[in-house]
Amino acid sequence: MTIATFKGDAPARTGRAGRTGRTGRAARPAAVRRTWIGSAREALDRPLTTYYLLLTSAALLLTIGLVMVLSASSVFSFRATGDSYTIVRRQVVWVLVGCLGAFAASRVNTRWVRRLAYPAFGLSLVLLGLTAIFGVEINGNQNWLAIGPLQIQPSEIAKLSMIVWAANIYANKERRLDEVHHMVVPVVPGLLMAVALVVVGRDLGTALVLAAIMIGMLWIVGAPARLFVALTGFIGLVAAGFALTDSERLGRVTTFLDPFQDFHGTGWQPAHGLYAMASGGIFGQGIGASQQKWGALPEAHTDFIFAVLGEELGLVGTLLVIALFFTLAFAALRIARQSTDPFVRYAAFGVMVWLLFQMMINVGMVLAMLPVIGIPLPLVSYGGSSLLPTMAALGMLVGFARREPAAARALAQRRRQRSAGIAGRSARR
């Protein structure tokens, strides 16, 4: 199944002569609108547009993330280590490592990515199993695995590996995807196994993200509605049972709509998140001026960094971050729509579902529209376990965008022009 293309916008209409007046002044704005629409379409139709959209939006999100990690973690870091910059220095290291990983992922040929699909997914299942048995419990979730002095979160690695694995299988079955059996087996059992291992570790938030990725992959291959209803109902029952059997999570579910009814209990974190967002106003209090980060807001530099961002940068800053995520999603969707390679199509769509759904859950938690389930904001929140797989996924998308035929030709021509320019300057010297 391929993704349907969107219809072009209808040409702008001009009013009747009797309504525009004798001078024809009303016709000018319509022409101006057509000019702007045409310019926008021309810019979007350029071969390297998707490539630059990915690079620019990811770079801006990483920059905003570093600034907000510095601000949100400074107080906590000073109290814990005596140095306000300990946490942000670690994040800078993770960003540098992530950039190297993203660059490497962008250069790896698609055939090699597909060859790694089964080993990567198998390793993810092993790590998830080890985490469920020997994992380290943090904040009620047993989702961390200690490897020597290093602690990793295998469920973050599993997000990328399950997308690549499912995309590889669906690409191999491209001609047989009109049958439900081939849509389901072995992708759904494999992904449900990963979700189950995460649920054993009591990490409901990550389990929901993995379930969303699974549903998104089924949607892109054209699964029937009855399958979505069955899977959604099953996941809903599991999530409800998971919440009802844990008093802390039940409290979060019952108080998220009104955190102030249990202000000093389960409502403490979402209530102070709302305080932070409300005090930010339109333009914010200024970078570094957050009051909630001084101890009232738990996990200010990780799960609730969006609240500090809203307090310091205001509505303008929060809308900018959300717009950048939708830009990433738009670029990924363009790759999926334009590619003739089924693996690229499915993998790009899976990454889009992952990043967009996780962003919406995180923002929903901060705005008290969803229960607090411990989901970081991709590219912005502190943490290498989340950042590195995300940047590898974005590097993979950049590689897809670079290898589109028109983009590859444009990049090759640019390199030739640059080489000719350097040779000309050398000859003049």
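Please treat every number below as a calculation from the coordinates, not as lab data. Worth saying up front: this structure is predicted, and the values here are computed from it rather than measured. Ideal geometry is used to build each Cβ from the backbone, glycine not excepted, and the neighbour counts take in all protein chains shown.
Determine the relative contact order of the chain: mean sequence separation of Cα pairs under 8 Å and six or more apart, normalised by residue count, in whole percent.
Working: 578 pairs, mean separation 103.4, N = 429.
The normalised contact order for the chain reaches 24 percent.
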Exercise for review: Identify, among T86, C99, P149, the residue whose Cα sits farthest towards the positive end of the charge dipole of the chain, taking +1 on the Cβ of Lys and Arg and -1 on the Cβ of Asp and Glu, with the dipole about the Cα centre.
Suggested key: C99
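Which ordering of L192, L387 is given by a fewest-first count of other beta-carbon atoms within 10 Å? Mind dumping the intermediate values first?
On the way: L192 17, L387 24.
So the ranking, lowest neighbour count to highest, is L192, L387.
Rounded to the nearest 500 deg cm²/dmol, what is the calculated helix-only ellipticity per residue at 222 nm for the chain, with -39500 (n - 2.57) per DSSP H run of length n ≥ 4?
When only DSSP H runs of four or more count, the value is -23500 deg cm²/dmol.
For L130, L328, what's the fewest-to-most ordering of other Cβ within 10 Å of each Cβ? Working shown, then result.
Working: L130 14, L328 25.
In order of increasing Cβ crowding within 10 Å: L130, L328.
Test of understanding: ordering R415, R337 by Cβ neighbours within 10 Å, fewest first, what list do you get? List each step's numbers first, then the result.
Working: R415 10, R337 16.
Exposure proxy ranking, most exposed first: R415, R337.
Just to verify a number: FRET efficiency for Q413 and V108, C-beta to C-beta distance, R0 = 22 Å, to 0.05? Walk me through the intermediate numbers first.
Values: r = 23 Å, r/R0 = 1.07.
Once rounded, the FRET efficiency stands at 0.40.
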Point to revise | Cβ-based net charge around M68, under 14 Å, with every Lys or Arg adding one and every Asp or Glu removing one | key: -3
